[in-house]
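Below you'll find the structure, written out as structure tokens, and then a few comments.
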Amino acid sequence: MLSLSHISLTIGEHRILSDVSCSVDKGEIVGLIGPNGSGKTTLFNVISGFLAPTHGTVHLRGLDITCSSSSRRAQMGIGRVFQNFGIFREMTLEENVLVALEALPKADRTQRGNLRKIAGETLEMVGLQSHAKQKAGSLSGGQMRLLEIARTLMSGKEVFLLDEPTAGVSPKLTQQVADLILQLKKQGKTILVVEHDLPFISHVCDRVIVMDVGRVALTGKPDEVKKSKELRELYFGADPTT
Ligand SMILES: Nc1ncnc2c1ncn2[C@@H]1O[C@H](COP(=O)(O)OP(=O)(O)O)[C@@H](O)[C@H]1O
Ligand SMILES: [Mg+2]
């Protein structure tokens, strides 16, 4: 589905990514972990087209998209969830979802039928249906995060890039985010998720990629990675489960 080949990125004097190669299969959930500043968000920027790599290529379904704009990539099915970015606080939850639906190409919109009904179903999926008529500004940070994820989900995207979806989210909502990711997997969606919470990663991910100073340090199944000596060394003896 998504394949990165020998991606390097230098900004000014700083080499931020060095020869990163990895791929994600359709329907796979891959966790991206690593210490702060190891280049995870930058890699997402390269995948979504916000930053052009200095070297290397990005392929989506076998197509070279390295030079495609971020809006083109979004049209092609790459969805990025930003942290509480683009939520209209003065609008109701329902309106927030409708805005995303109305931004779809006309053919897609017509095909989907009753947008209000779909908006309702979307909110139900993240357990926010009882707040549908409430202003988004009244939600907690975690609920806003869920709304943002739900909205992106409605956009018909195939590949989701989630950057720390549980940051600042209560344990209960964290569980909801995990459930949502697993639901998406059932629908055959492909997901790359950056997360510090290792139990969360183990729960939802099929595979984990560990980054360190702009490189892929190791990759494997969550259990293998958790047990690895390299991971412990990366976190300099800190308990990686916290
Ligand atoms: N636009 C930029 N210009 C210069 N340095 C940047 C830029 N964006 C990120 N960096 C640097 O790149 C490194 C990786 O950052 P980032 O991808 O945000 O890491 P992570 O998401 O893993 O915490 C950091 O050292 C950061 O300071
Ligand atoms: Mg980051």
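The values are calculated or read from the model by the stated rules, or taken from the named source; none is laboratory data. Keep in mind that what you see is a predicted model, and the values were worked out from it rather than measured. Counting neighbours? That spans all protein chains shown, and the Cβs are built from the backbone with ideal geometry, glycine included.
For the reader, a short list of remarks on this structure follows.
- Residues of the stretch 170-197 satisfying the condition of being β-branched (Val, Ile, Thr) and more than 23 Å from Gly120 (Cβ to Cβ): Thr174, Thr190, Ile191, Val193, Val194
- Qualifying residue in the stretch 115-132 (condition: on the phi > 0 side of the Ramachandran plot, within 20 Å of the chain's Cα centre (by Cα) and outside any helix (DSSP H, G or I)): yes
- Members of the stretch 196-218 found to be crowded, with 16+ Cβ neighbours inside 10 Å and of a type in the set (Val, Ile, Thr), listed by number: Ile201, Val204, Val208, Ile209, Val210, Val216
- Thr190 over 16 Å from Met91 (Cα atoms) and either at pLDDT below 85 or in contact with a Ser or Thr (Cβ under 6 Å, 6 or more places away or on another chain) (or both): no
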